[in-house]
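Readers should treat all values here as calculations from the given coordinates under stated rules, not as data from a laboratory. If you're wondering where the values come from, they're calculated on a predicted model, not measured in any experiment. All Cβ positions, glycine included, derive from the backbone under ideal geometry; neighbour counts span all protein chains shown.
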Amino acid sequence: MLNSLRFRLPALFLAGIALAGLFTSLIALRLFQDFTRNESQQELRQEARGLADLYAEWAVRALDEDKAAPTFAASKLEAATGDRLFEVVLAPSFLDDFDQDSGLRRLSRADVGVALSTDRIMSFEFEPPGEDRTYLAAAYPIKLGGQKGVTFSILIVAKPKAELRETWIRLLTRLAIAFLVGLVIVGVLALYLSRRITKPVLALSKAMDQVAAGRRDVDVPPVRGGGEIAHLTERFREMTTRLAEAEELERNFLMSVSHELRTPLTAIRGHVAALREGVVTDPEAAEESLEIIAAEAERLGRLVGDVLDLAKLDAHRFTVLTEEVDMGRLLERAYSTFSEEARNRGIEYTQELDGAPVIVSDGDRVLQIISNLLSNAFRWTPDGGRIDLELSSANGTVTVDIADTGPGIGSEERERIFRPFWSLDGRGTGLGLPIARELAMALGGRIELESEVGKGSRFRLVLPKRRLR
């Protein structure tokens, strides 16, 4: 279960989301801590500046009117602002007769624990005497006579750091709840998506197991929506179809080869037995038996040669010679090979040579290609039909056309006929056309096919005059 893709995919997805969410939450919390601290310091500085300026204005007015210094309503101010107010009295000498009781809790410089400036506002942290918690504070000097006047005390506005910590904890709690809710939603989504993804993959895995067990009639359900999985499924379906066809071709090949081997072997065995047992005593009959044995042995040699040629071509271990080839003379040889069969079957057999071009290639292999194409044409052309052999050259290439009046080849079969061991009627080895095409490609050329069902086919061999190495 833990090793299955259905589990690991959502688990990996969730782990990635969880790590990203945790990392993002920590960054957000850190940024929020800095933000709330800076905001709190800014608020404290503004309150300290405002209250200090207000008190300095009242103190100047009290001096002018020879009155006592004004007093802060400390409890009300603290209730209104939510902050603590303190005062550090400096008491310059010219204010000895001035009553400076402001109503705020007084601290000494030693109580604050930091060097307070008498010229500018400053922020700091301290722990007031008699308390066990730390405050975030802002100190602002109270001056008589404006910014360039004399500082007679310092106003401190403070806020417990615990309040900031409580704000951070509330945010952290909300982030944790949001994170858990998001994780649940993402988990459900990941489970859904993983099933969508793994379902066709598991189906493919099951189908592959069946194929590995030897089954080829595997039904792979289609995948909707396209994408890589759909492409993989389609290619797997094509692969199983080709495997089934390959097995069918292999069976047909074995049946065809066994038949092709059995027929000449039976003939050879029969004539050899007759000669050995003395059944054939007439010299002419004995000579005829030997000719049949030689012909059937040659037939066996051709079959074995075809199989070996195909194996060499597939393994790219085929040796191609380079020589000058007179195509006119070569076509005369190929044409004469099938003349007797054409005459016996009443087939109109013609050849048309447009000159006698000379190419640089492997003459024996070119003759083998043309012979295979002619053999295929004679096999499918009915008695009394027509076969044309034509030679032409243009633009650095030589073209050999073999046209017949056979049944023609349907569009869906035009690629299959070049597959090894495949035959339209299931007879024969199905090696002639595949070998011809592979040889043509090895010589730097190609075989083209034009066919119309019911009218015949035209195979065209195109070869370069000089084969590229």
For the range 435-447, Karplus couplings with θ = phi - 60° (6.51, -1.76, 1.60), whole Hz, Gly/Pro x
5, 4, 5, 5, 5, 4, 5, 5, 8, x, x, 7, 10
For the range 339-444, size of Cβ-based charge dipole, Lys and Arg +1, Asp and Glu -1, in debye:
320
Working out 0.36 nm times the residue gap between Thr36 and Asp217, then minus their Cα-Cα distance, what length gain in nm do you get to one decimal?
58.3 nm
Karplus-derived HN-Hα couplings along the range 169-174 (A = 6.51, B = -1.76, C = 1.60, θ = phi - 60°), whole Hz, x at Gly and Pro
5, 4, 5, 4, 5, 5
The relative contact order of the range 115-189, taking Cα pairs under 8 Å that sit 6 or more residues apart, comes to a percentage of 22
Extension reserve of the Ala80-Glu352 stretch, reckoned as 0.36 nm per residue once the Cα distance is removed:
86.3 nm
Inter-probe distance in nm under a simple model that places probes 7 Å from Cα toward Cβ, at Leu19 and Thr322:
5.9
Neighbourhood charge, 10 Å Cβ-Cβ cut-off, centred on Asp388 and excluding it, Lys, Arg +1 and Asp, Glu -1:
-3
